Amino acid sequence: MRLQAADPKTLAGEFLQAFGSQNALLTAGDQERCNTMTIGWCQLGRLWNLPVCTVYVRPERYTYQFMESHDYFSVCVLPDSAKQTLALCGSQSGRLVNKIKECGLTLRYGAGETPLFEEAALAVVCKKLFVQDMSPTCVTASEDKVLPYYGKKGGWHRIYTGEIVEAYTAIKN
């Protein structure tokens, strides 16, 4: 497969269908250093009349430092056949393992030197617009719906909302 430019408006439904079943890779960094991690939480939509993507990262994750130090990030939905890649990228730390090399992923770069993967079925490159920490004091739902995601697993996530500046879909060679 090869990635080609696409209109973000046409990808939203297909993109979000991946979450909860196959998930995606969140990647931040540049051509010198980057890291990727599997994510299961993502939102696409409009905010401030801009097309946006929102992702969530715990401070304990290695990718967090890349999200903090770079203005852009990418979200890549891989094909169904990449379940092992998603499993490895969700269970191993980039501090200890070069996940990109280990999985045989092919890097390419979008706006702001943002790394993304040629193997993606769908991808977006985003420029950070808004960053905020989640807080237990803001939880309005019953505790049994939200709080099980926290505790032994780590701290509260940081929310990153980015303007979608590029979108891609795969074309078969």
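Taken together, the values in this text are just the output of simple stated rules run on the coordinates, not laboratory data. Everything quoted here is computed from the prediction, not taken from an experiment. FYI the Cβ positions are ideal-geometry reconstructions off the backbone, even for glycines, and counts take in every protein chain you see.
With each label modelled as a point 7 angstrom along the Cα→C-beta vector, the T140-N49 pair spans 2.6 nm.
Based solely on its DSSP helices, what 222 nm [θ] is calculated for the chain when runs of n ≥ 4 H residues each add -39,500 (n - 2.57) and the sum is averaged over all residues, nearest 500 deg cm²/dmol? After summing the helix terms and dividing by residue count, I get -5500 deg cm²/dmol.
Residue order for T85, T140, fewest other beta carbons within 10 angstrom first, comes to T140, T85. With R₀ set to 35 Å, the beta-carbon distance separating E60 from Q84 gives a calculated FRET efficiency near 0.90. Give me C53, C34, C138 ranked fewest to most by other Cβ atoms within 10 Å of their Cβ, as a rough exposure proxy. Lowest to highest Cβ neighbour count: C138, C34, C53.
Each distinct pair of alpha carbons in the chain adds a 1/r term; the inverse of their mean, the Kirkwood radius, is 16.3 Å. On the beta carbon distance between R108 and Q132, with R0 = 25 Å, the FRET formula returns roughly 0.25. Within the same chain, aspartates and glutamates fewer than 8 places from K127 are excluded, and of the rest, those with a Cα less than 14 Å from its Cα are D30, E68, D71, E113, E163, E166.
Distance from the alpha carbon centroid of the stretch 86-105 to that of the stretch 48-66 works out to 19 angstrom.
The ranking of L86, L47 from fewest to most other beta carbons within 10 Å of each one's beta carbon is L47, L86.
When the chain is treated as a GNM with alpha-carbon contacts under 10 Å, the residue of V131, V57, V146 showing the greatest mean-square fluctuation is V146.
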